[in-house]
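One structure is given below, encoded as structure tokens.
The values are calculated or read from the model by the stated rules, or taken from the named source; none is laboratory data. All of these numbers come straight from a predicted model, not from anything done at the bench. Backbone-built Cβ (ideal geometry, glycine too); neighbour counts: all protein chains shown. Each accessible area value is taken on the protein alone, full model and side chains, heavy atoms only, with ligands, DNA and RNA left out. Shrake-Rupley method; radii C 1.70, N 1.55, O 1.52, S 1.80 Å.
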Amino acid sequence: MREKIHTSRVIVVEGKYDASRLAGITDATILCTDGFGIYTDTDRQKMLKQLAKKNGLIILTDSDAAGFRIRNFVTNIVGADNVLQAYTPAQQGKEKRKAEPGKEGLLGVEGIDDDVLYQILQELVETQPQPKAEPAAAQREITYTDLYAWGLSGTAGAAERKAALLKKLDLPPRLSKKAMVQVLNRLHTWQEIDTLVQTEL
């Protein structure tokens, strides 16, 4: 079994099926634009701007016109200097889960062969410098257990507390538990979130 590709950059894709495919190839944080939903989701835009500035982004959208519009939109709002562009080949076909091919008849990210996706990402990561890493001093990572301890998951009133925290941090309200842990670890320290939870929620 080949080793997963590691990058400290955050990979941005269009949808959950794209993210699911890439999760088998890389251990990077993968976030979705929810297609054209990114155009009106100001919280998600703010989150991507923060992540782009701190970690850098890799944008990997479909090779059709819609994918390029989304790619350009995200690049423009976060700044081209903070982005690496990953492109899939324009291959004709349709994804297995779909009854009909897309408007342009091209495979989306989810339909591209694993080996091709692996090569695209590996070449990009190997040839481009990684964003400047944080000092190696050990920082306590935020975990699912912390979310429970803070009353943000699995406890009475957790949904309300989670929504309040995400709003305070300018993060999208519909982040999944997994994405929330990943994004919090990218943007904040355990101590920052613990203090915020204890004093303001």
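Out of Tyr87, Tyr39, Tyr17, which single residue is touching a residue at least 60 places away in the same chain (Cβ under 8 Å), surrounded by fewer than 18 Cβ atoms within 10 Å (Cβ to Cβ) and of a type in the set (Phe, Trp, Tyr)? Even if it seems obvious, please write down each step before you answer.
Numbers: Tyr87 fails: touching a residue at least 60 places away in the same chain (Cβ under 8 Å); Tyr39 fails: touching a residue at least 60 places away in the same chain (Cβ under 8 Å).
Tyr17 is the lone residue from the list that is touching a residue at least 60 places away in the same chain (Cβ under 8 Å), surrounded by fewer than 18 Cβ atoms within 10 Å (Cβ to Cβ) and of a type in the set (Phe, Trp, Tyr).
Asn76 satisfies every condition listed in (1) closer than 20 Å to Pro172 by Cβ; (2) surrounded by 15 or more Cβ atoms within 10 Å (Cβ to Cβ) except (2).
Has segment 95-106 got any residue that is closer than 23 Å to Ala179 by Cα and at pLDDT below 95? No - not one qualifying residue is present in segment 95-106.
Of all residues in segment 22-35, at least one satisfies being among the hydroxyl-bearing types (Ser, Thr, Tyr), touching a His at 6+ places or on another chain (Cβ under 9 Å) and open to solvent by less than 60 Å² (accessible area, probe 1.4 Å).
Which one is farthest from Arg186 (Cα to Cα) among residues in segment 127-148 that are open to solvent by 80 Å² or more (accessible area, probe 1.4 Å) and either β-branched (Val, Ile, Thr) or at pLDDT 90 or above (or both)? Residue satisfying both the conditions and the ranking: Thr127. Among the residues of segment 53-70, is any open to solvent by less than 10 Å² (accessible area, probe 1.4 Å), free of Cβ contacts under 8 Å to residues at least 60 places away in the same chain and over 15 Å from the mean Cα position of the chain (by Cα)? Looking for residues that are open to solvent by less than 10 Å² (accessible area, probe 1.4 Å), free of Cβ contacts under 8 Å to residues at least 60 places away in the same chain and over 15 Å from the mean Cα position of the chain (by Cα), one finds at least one in segment 53-70, hence yes.
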